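Below is one structure; the comments refer to it alone.
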Amino acid sequence: MEIHMSLTWMLLCLLLRPSATQINTPEGVLNCCEGDVLFLLDSSGSVSSYEHSRMLTFLSELLLPFSLGEDQVRVGLLQVGTRPRLEFGFDTHSTQSSLQAALRSIKPLRGDTNTVEALRMAKEWVLRPEAANGARPGLPRVLVWLTDGVKPGDVIGPMAELREEGVAVLVVSTGHGNYQVLRKVVTPPVENHLYFVDIDDMSIITEDLRDAIIEIIRAERIQVRDISSNSAVLQWRPVLTGLTGYYEVRFGPLPTGGPGGDEGGVNETSPSTSGSDYQRLTQSADSSTARLTGLKPDTTYTAKLTPKSNEQAFNALSVTFTTKPEVLSPAVVTVSESGQTSVRVSWGPLQPEMVTSYYIEYSGLPRGKLHAVTVGRTQNSTLLRDLQPDTTYLVTVSAQHTSGKEKAMSVKVCTQEVTPALADLQLTTVGSNSVQVDWKGSVAGLRGYWLTWEGQHSSVPGQRSSLYLPPDSLSTRLTHLPPLARVCVSPIYRTARGEGLCCTAQFHSDALAYGYQS
């Protein structure tokens with residue numbers, strides 16, 4: 001009799017507590033996600049002990065493949081009864097062994113189905129990022145409600161509030177009633193987030209529900225940045241922090257017929273990276289980047305990252321990307337330090353390993369004499385001298401590449417106009433408040449003269465008057481000037497104003513003609 005009871009008890013344990021080794025971890029789940037998932041488990045009197053144990057077994061199978069921890073997935077469980085109870089919060093279990101042991105030890109609450117109070121606790125205590133030990137800010141939050149569908153209560157309003165705060169709501173019902181209520185509380189699409197299943201057939205929805213959760217909390221664990229024609233940087237979220245181990249990186253051209261590669265696109269089912277064209281790198285456990293070099297231009301690559309550790313299992317992550325087309329120097333030519341007889345021309349990118357020399361040709365437009373200069377492969381600028389002022393030049397920079405290719409790029413540059421200063425300025429007083437202004441400055445290209453005058457001790461300091469005169473003018477008379485008025489004349493050219501001269505008008509009885517003051 002005693003032996004028979006022991007066998008019965010062992011059989012019951014095997015039925016209700018499946019070993020973790022009996023469940024195959026789905027590929028791509030480990031190290032895939034980051035978010036907080038709260039399970040709302042109906043534990044009221046309408047749920048039998050058998051049904052309660054089957055729900056816990058279902059949760060055990062559902063959660064077993066996930067990596068748990070602060071940088072991974074965190075799980076909480078809130079039971080619904082007359083007085084709902086938080087069995088464990090997000091900060092309680094960071095390992096699967098701890099979580100699985102907790103699920104095996106949970107007892108039903110019984111009593112009424114007080115789902116409304118449970119939802120209030122979930123909103124204020126567990127799922128609120130500001131709450132102590134609550135959800136992590138900025139990460140996905142998911143509420144999965146497991147119920148028998150009996151008297152769910154007035155849950156439509158509370159569930160709507162959670163959804164408005166960004167919480168994704170999923171429902172699993174082991175009863176087939178209250179469909180209209182349950183379909184209103186889940187986050188769309190309903191067909192992916194609402195499940196009706198018999199208590200003995202819950203395992204048939206395990207994969208679908210897990211995929212629905214993953215779709216919400218999937219984290220971009222690996223990406224490619226700084227892609228050029230021959231290099232790229234692989235970046236990932238560190239998962240070996242605090243563990244012994246290393247990261248293995250394999251990368252190489254995507255085999256013909258493989259999936260197309262967008263820049264930085266994640267491909268969970270990458271092709272094999274074990275061929276002879278592939279390179280292998282290892283990075284320390286505290287690394288989060290690896291630079292991939294020696295790549296070919298305009299080529300699609302696949303890179304596979306595998307965290308290696310004896311303390312915890314991680315799945316490999318893959319990504320495909322396409323390098324940029326080959327850029328031959330010069331790809332850009334710029335002008336700086338433009339003067340009247342010289343201009344500095346620069347180009348890039350600098351490619352000393354690919355270029356043997358640079359050849360710069362320049363001539364004035366439309367039919368100027370052609371000049372040329374050659375510089376070394378490490379030089380990316382040169383100063384062109386002895387140019388004509390106020391002239392447009394066509395400058396062509398050519399690079400001779402080691403591959404035999406030649407690349408050239410042209411740009412127009414303009415030298416500055418010569419703007420001679422005013423040669424002479426004289427003021428002659430005429431009466432008590434007028435002066436005769438005479439100057440010398442007629443040169444080629446002159447567009448006119450600009451006269452200004454202002455009183456230095458007038459009742460309105462700083463008040464200035466001005467006058468424009470055509471280029472053939474060499475004198476004018478100014479009247480009604482204030483005492484000690486300062487008169488300035490500047491030559492005007494096509495592109496700029498030349499340096500002018502200024503004199504101060506002095507009105508007194510024995511005033512005579514006098515020369516300029518600068």
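The values are calculated or read from the model by the stated rules, or taken from the named source; none is laboratory data. Quick caveat, the model's predicted, so the values are computed rather than measured. Ideal geometry is used to build each Cβ from the backbone, glycine not excepted, and the neighbour counts take in all protein chains shown.
Would you confirm whether any residue within region 485-494 is modelled with pLDDT under 90, in a loop (DSSP other than H, G, I, E, B) and not basic (Lys, Arg)? Before you say what the answer is, go through the steps one by one.
Start the filter on region 485-494 by keeping residues that are modelled with pLDDT under 90, which leaves 485, 494.
From what is left, the residues that are in a loop (DSSP other than H, G, I, E, B) are 494.
From the residues that got through so far, the ones that are not basic (Lys, Arg) too are none.
No.
Check whether at least one residue in region 404-411 is assigned by TED's automatic domain parsing to the domain that holds Tyr358 and in a loop (DSSP other than H, G, I, E, B), and report yes or no.
The answer is yes, given that some residue of region 404-411 is assigned by TED's automatic domain parsing to the domain that holds Tyr358 and in a loop (DSSP other than H, G, I, E, B).
From (1) of a type outside the set (S, T, N, Q); (2) assigned to a strand (DSSP E or B); (3) over 30 Å from Glu361 (Cα atoms), pick out the condition that doesn't hold for Leu446.
Result: Leu446 passes all but (2).
If you scan region 157-197, which residues turn out to be part of a helix (DSSP H, G or I) and closer than 20 Å to Val126 by Cβ?
Passing the criteria: Gly157, Pro158, Met159, Ala160, Glu161, Leu162, Arg163, Glu164, Val185, His193.
Can you tell me how many residues within region 123-137 are more than 18 Å from Ala160 (Cβ to Cβ) and assigned to a loop (DSSP other than H, G, I, E, B)?
Selection size over region 123-137: 9.
Find all pairs meeting these conditions: Cβ atoms under 6 angstrom apart; at least six residues apart or on different chains; first residue within region 42-57 and surrounded by fewer than 18 Cβ atoms within 10 Å (Cβ to Cβ); second residue among the charged types (D, E, K, R).
Once the first residue is surrounded by fewer than 18 Cβ atoms within 10 Å (Cβ to Cβ) and sits in region 42-57, its partners that are among the charged types (D, E, K, R) give Gly45/Arg110; Ser46/Asp148.
Which condition number does Asp200 fail, the rest of (1) in contact (Cβ under 8 Å) with a residue 40 or more places away in the chain; (2) surrounded by 13 or more Cβ atoms within 10 Å (Cβ to Cβ); (3) over 23 Å from Leu86 (Cα atoms) being met?
(2)
Just one of Thr419, Thr392 is surrounded by 18 or more Cβ atoms within 10 Å (Cβ to Cβ) and farther than 30 Å from Asp226 by Cβ; which is it? Working first, answer last.
Numbers: Thr392 fails: surrounded by 18 or more Cβ atoms within 10 Å (Cβ to Cβ).
Exactly one of Thr419, Thr392 is surrounded by 18 or more Cβ atoms within 10 Å (Cβ to Cβ) and farther than 30 Å from Asp226 by Cβ, namely Thr419.
Filter region 107-148 down to residues that are crowded, with 18+ Cβ neighbours inside 10 Å and of a type in the set (Gly, Ala, Ser) and give me whichever is nearest to the chain's Cα centre (by Cα).
Ala135
Looking at region 317-346 only, could you name the residues that are closer than 23 Å to Tyr359 by Cα, in a loop (DSSP other than H, G, I, E, B) and not polar (S, T, N, Q)?
Glu326, Val327, Leu328, Pro330, Ala331, Glu337, Gly339
Among the candidates Thr356, Thr374, Thr378, Thr402, single out the residue that is without any contact (Cβ under 8 Å) to a residue 24 or more places away in the chain, surrounded by fewer than 14 Cβ atoms within 10 Å (Cβ to Cβ), of a type in the set (Ser, Thr, Tyr) and over 30 Å from Gly500 (Cα atoms). Reasoning before the result, please.
Numbers: Thr356 fails: without any contact (Cβ under 8 Å) to a residue 24 or more places away in the chain; Thr378 fails: without any contact (Cβ under 8 Å) to a residue 24 or more places away in the chain; Thr402 fails: without any contact (Cβ under 8 Å) to a residue 24 or more places away in the chain.
Only one candidate qualifies: Thr374.
Going by what's in this entry, would Gln100 be described as in contact with a strand residue (DSSP E or B) (Cβ under 8 Å, 6 or more places away or on another chain), crowded, with 17+ Cβ neighbours inside 10 Å and more than 21 Å from Val171 (Cβ to Cβ)?
Values: in contact with a strand residue (DSSP E or B) (Cβ under 8 Å, 6 or more places away or on another chain): no; crowded, with 17+ Cβ neighbours inside 10 Å: yes; more than 21 Å from Val171 (Cβ to Cβ): yes.
Here the answer is no, as Gln100 does not meet what is asked.
For region 29-52, enumerate the residues that are more than 30 Å from Gln312 (Cα to Cα) and not charged (D, E, K, R).
First, the residues of region 29-52 that are more than 30 Å from Gln312 (Cα to Cα): 42-52.
Answer for region 29-52, where residues must be more than 30 Å from Gln312 (Cα to Cα) and not charged (D, E, K, R): Ser43, Ser44, Gly45, Ser46, Val47, Ser48, Ser49, Tyr50, His52.
Taking the residues in region 149-168 that are in contact (Cβ under 8 Å) with a residue 24 or more places away in the chain and surrounded by fewer than 15 Cβ atoms within 10 Å (Cβ to Cβ) as candidates, determine which candidate is farthest from the chain's Cα centre (by Cα).
Per the criteria, the residue is Lys151.
Counting only residues that are polar (S, T, N, Q) and within 32 Å of the chain's Cα centre (by Cα), which one in region 337-365 is nearest to Lys407 (Cα to Cα)?
Top of the filtered list is Gln351.
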